[in-house]
Amino acid sequence: MTYSVVIIEDELEVAQLLAQYLLLPNGVAGNQTARQSLRQGQYQVVGIAANLSTANGLLQAIEPDLILLDIHLPDGNGLDLLSELRARAIKSDVMLLTAAKEVETLEKAMQLGACDFLVKPLMLNRLDQALARFESRQQCLSDANEVTQSMVDTLFGSNEQTKAPVRLPKGVDQLTLRKIIDAFKEHKKTPFTAQQMGDLVGVSRSTARRYLEYLLEAEQVSADQSYGSIGRPERCYKMG
């Protein structure tokens, strides 16, 4: 899934850094993990504004998935824009960017439904965590057919995944990943080939292998080579 983003930030260097990191995370931050580099292409920056006037014009024409919004802008306050967006029932998630340290600012941001609050100078690893939470919420909402407690826990940050968010690469979704993890937990210390795991959770061998390799890279499972009846080597994956 590709997410559209509008950046509202009066400091040109900060706006450019955010845009470059969203589009090319590996090129900006340098030493990234494999999982972070896999998210390249997930974001499309559809507009950048340096003031409220330009931002209002953009947001009249575009309703992005995500808005990165500075609080202190040359012609007004980003919180006022956020309040206006909510009054207009704009559903975009909004992450606030600010050098302000006042608790009252944070309280108002929470009341207005900001999904995150990033204090300047920005730290890219903290931005990465904020984006991970955003992606987790978006994936959860798009996959769900009805409200469940696990869905609510994900959206409100009450479960293990949102305490330590992990960016999921393309081709790996939360629901299938959870099924595979639950299968390992149900069959503790049992090794599975990709075919066996696929049969167990109802996906193809190649799909199961993709998820198992992801878990191996994340160091949640281990793998050993096994040899079938015809001597063909195949990995066996085990948790715990």
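The values are calculated or read from the model by the stated rules, or taken from the named source; none is laboratory data. Everything numeric in this text was worked out from a predicted model, so none of it was measured. For neighbour counting, all protein chains shown are included, and Cβ atoms are generated from backbone atoms with ideal geometry for every residue, glycine included. Just the protein is used for accessible areas: all its heavy atoms, side chains included, with ligands, DNA and RNA removed. Shrake-Rupley method; radii C 1.70, N 1.55, O 1.52, S 1.80 Å.
Being on the phi < 0 side of the Ramachandran plot and at pLDDT 90 or above is a condition met by no residue of the stretch 145-157. Among the residues making up the stretch 74-95, those that are under 22 Å from L131 (Cβ atoms) and not acidic (D, E) are G78, L79, L81, L82, L85, R86, I90, K91, S92, V94, M95.
Which residues, counting only those in the stretch 87-108, are open to solvent by less than 90 Å² (accessible area, probe 1.4 Å) and acidic (D, E)? Residue satisfying the conditions is D93 alone. A count restricted to the stretch 169-187 and to residues that are farther than 14 Å from G240 by Cα and in a loop (DSSP other than H, G, I, E, B) stands at 5. Restricted to the stretch 51-111, the set of helices (runs of 4 or more DSSP H) holding at least 1 residues that are in contact (Cβ under 8 Å) with a residue 40 or more places away in the chain and more than 23 Å from the chain's Cα centre (by Cα) comprises 52-61, 78-87.
Taking only the stretch 184-199 into account, find how many residues are in contact with an Asp or Glu (Cβ under 9 Å, 6 or more places away or on another chain) and farther than 12 Å from K238 by Cβ.
So the answer is 2.
Inspection of the stretch 121-135 identifies at least one residue that is touching a residue at least 12 places away in the same chain (Cβ under 8 Å) and among the polar types (S, T, N, Q).
So is S142 surrounded by fewer than 14 Cβ atoms within 10 Å (Cβ to Cβ), assigned to a helix (DSSP H, G or I) and touching a residue at least 24 places away in the same chain (Cβ under 8 Å) or not?
Here the answer is yes, as S142 does meet what is asked.
The single condition from (1) in a helix (DSSP H, G or I); (2) modelled with pLDDT of 90 or more; (3) under 19 Å from G240 (Cα atoms) that T190 fails is (1).
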